[in-house]
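Each reported figure results from applying straightforward, stated rules to the coordinates on display, with no laboratory input. Everything quoted here is computed from the prediction, not taken from an experiment. Here the Cβ is made from the backbone with ideal geometry for all residues, glycine too, and neighbour counts use every protein chain on show.
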Amino acid sequence: MAAIDVTDATFQAEVLEKSGTTPVVVDLWAPWCGPCRTLGPMIEKVVDETQGKVVLVKINVDDNPQAAAAFRVQSIPAVYALKDHKVVDGFVGAQPESVIREFVAKLAPTKTPADLLVETGDEASIRQALDLEPGHEKGVLALAQILVDRGENDDALALLARIPENEESLRIAAQARLNQKGGAPAADVSGRLDELLDKVRDDEDARQEFRDLLEVLPDREAAGRYRRALASRLF
């Protein structure tokens, strides 16, 4: 993954906001700085090896004084690490690759044994992962989908109760509940939604089926329209 050249205009989005989800390494440099030209490629190499778990951005301090000023830079090269919108580490001056590797390793999230088992993708490994971490989100989602595909809908819903709701868990749960009712209509989903819309105010089962159909509806624009229609009936 190539380094991102950040400017004063993009600093907020590419550094501060991004650090809320992914650790960001900031390399402050200038074209005239000899040590910068030595250090830069080493940082790029080490960060690239994290395969996206850490992001590298480069700031030319001559062209972007405001971004440079945010770090109160006294000399370059200067490298800082940000997590959750805050500077958590840094160093100034050229460093050997071993130091850079240690610096980046502290930022890159490490995989647990459960992570590695889930990545294999087979049911036995996923179940083993959940024995180690019963609330492992990716493992729960992966196994729940396997169960739904096999028709074990009650077990899938019980499994999903282990984790907080998210977009994927809502979709799988909706699929499981619809399967219990015979599945979503193969053709006229919109027709079924229109039929349910007249019942949603007073019928809890109709409301749930309506919401479940929206979760599995491939046409997301249509799903948005029906969500607004549901809201207008309920409120």
Note, LEU116: beta-carbon cut-off 12 Å, +1 each Lys/Arg, -1 each Asp/Glu, net -1
Report Rg/Rh for the stretch 113-234, rounded to two decimals, where Rg is the Cα radius of gyration and Rh the Kirkwood radius. 1.05
Restricting everything to alpha-carbon atoms, can you work out Rg to Rh for the stretch 134-199 with a Kirkwood hydrodynamic radius? 1.05
Work out how far the C-alpha atoms of the stretch 4-105 reach from end to end along every principal axis, then list the three figures in whole Å, largest first. 33, 32, 19
Alpha-carbon spread of the chain, three principal axes, descending order, Å: 70, 43, 26
Please tell me the relative contact order of the stretch 113-234 in percent, rounded to the nearest whole number, where contacts are Cα pairs under 8 Å and at least six residues apart. 16 percent
Of PHE103, THR10, ALA114, which is farthest on the positive side of the dipole of the stretch 1-129, counting Cα position, with +1 on Lys and Arg Cβ, -1 on Asp and Glu Cβ, and the Cα centre as origin? PHE103
